[in-house]
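Reading through the C-alpha cells given below for one structure.
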Amino acid sequence: MKNINKGEIGRFVVTGIVSAIVDFVFSFLASFAVQKMGIPSDSAWCTVIGTIVGFLLSVAVGYPMSVAWVYQDANKKAIKAHRKTHILFFTLLSAVGLLIGVGIMAIFKVSLNNGLGINIDTWMNIDIPTNFNIWQKIGAWISGVLTSIAFWYFALAFVVKSLFVLSFNYYTRKKILFKNKK
C-alpha cells in the first residue's frame, strides 16, 4: 500500500490498543456475567457472547477515533456527506474482523481443550472463602486469576486474535473507507 505514513500507523496502533483494552475488559465482564447467570463456563456461549459485547463497544470507541484522529488525510467531506453509509461499512468491515476473531478464539478454545485439557473460559472461576471481607475477596480473586494457566492461555489467544484483526482492520479501512484526498 502506498500513501502510508508512520504517524497514521502510530495513531491506528494507539486506537487499536484503546479499542483492544475496551474489548478485553468488556469481553471479560460479559463472559463473567454470562457464567454468573448460569451458563456453564465450558459452554461456547461464554466466549461468543463475551467476544460480541467486547466487539460492539470497541467499535463504538474506534469509529470516532478513526474519523477524528487516525486517518487525518482522509476525505472528511466525503465521510461527512455519507456518514450513515460510512458507519455501516465501518461496522460491516469490523464484523468481518469480529468473525475472524471469534474463529481464532474458537480454534484456541478447541485446541487447548482437546490438546492440553485446558478450558480458557474457566480462569474466572476462582474459589474464594466466604468469610473474607470484600478486599480479601478481590485480592484472592486477582491472585487466583493471575496464577491460573487458563488465564494466560486466554490472554495469549486474545493477543493473537487482536494482532490478526488489527492488521485486517487497518488494511481494509485504509483501502476502502479512509482513502486519502485526491
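Calculate what fraction, in whole %, of the accessible area of segment 1-144 sits on carbon and sulfur atoms when a 1.4 Å probe is rolled over the protein chains. Walk me through the numbers before you get to the answer.
Working: 5760 of 8230 Å².
So the carbon and sulfur contribution to the accessible surface is 70 percent.
What FRET efficiency comes out for the pair Lys80/Tyr171, r = Cβ-Cβ distance, R0 = 22 Å, nearest 0.05? Before the final figure, lay out the partial values.
Working: r = 24 Å, r/R0 = 1.07.
For R0 = 22 Å, the calculated efficiency reads 0.40.
Name the most mobile residue of Thr51, Thr122, Thr147, meaning the one with the largest mean-square fluctuation, in a Gaussian network model of the chain with Cα contacts below 10 Å.
Greatest mean-square fluctuation among the candidates belongs to Thr147.
Suppose only helical runs count, i.e. DSSP H with n ≥ 4. What mean residue ellipticity at 222 nm does that imply for the chain under -39500 (n - 2.57) per run, divided by all residues and rounded to the nearest 500 deg cm²/dmol? Can you show the working numbers first?
Working: 6 runs with 130 residues, N = 182.
Only helices count here, giving -25000 deg cm²/dmol.
Which one of Ala78, Ile118, Leu93 is farthest out on the positive end of the charge dipole of segment 69-140, using unit charges on Cβ (Lys, Arg +1; Asp, Glu -1) and the Cα centre as origin?
Toward the positive end, the furthest listed residue is Ala78.
How far apart, in nm, are two points set 7 Å out from the Cα along the Cα-to-Cβ line at Ile128 and at Ile39?
Distance between label points: 2.2 nm.
Sequence-distant or interchain residues sharing an amide H contact under 5 Å with Ile118, placed H: which?
Asn113
Using only Cα atoms and rounding to the nearest 10 degrees, what angle (0 to 90) does helix 44-65 make with the longest principal axis of the chain?
Roughly 30 degrees, rounded to the nearest 10.
Between the helical axis of 149-172 and the dominant principal axis of the chain, each derived from Cα atoms, what acute angle in degrees is found, rounded to the nearest 10?
Roughly 10 degrees, rounded to the nearest 10.
The values are calculated or read from the model by the stated rules, or taken from the named source; none is laboratory data. Just so we're clear, the structure is a prediction, and the values are computed from it rather than from any experiment. Neighbour counts run over all protein chains shown; Cβ positions are idealised from the backbone, glycine included. Heads up: the accessible areas ignore ligands, DNA and RNA and are worked out on the full protein's heavy atoms, side chains in. Shrake-Rupley method; radii C 1.70, N 1.55, O 1.52, S 1.80 Å.
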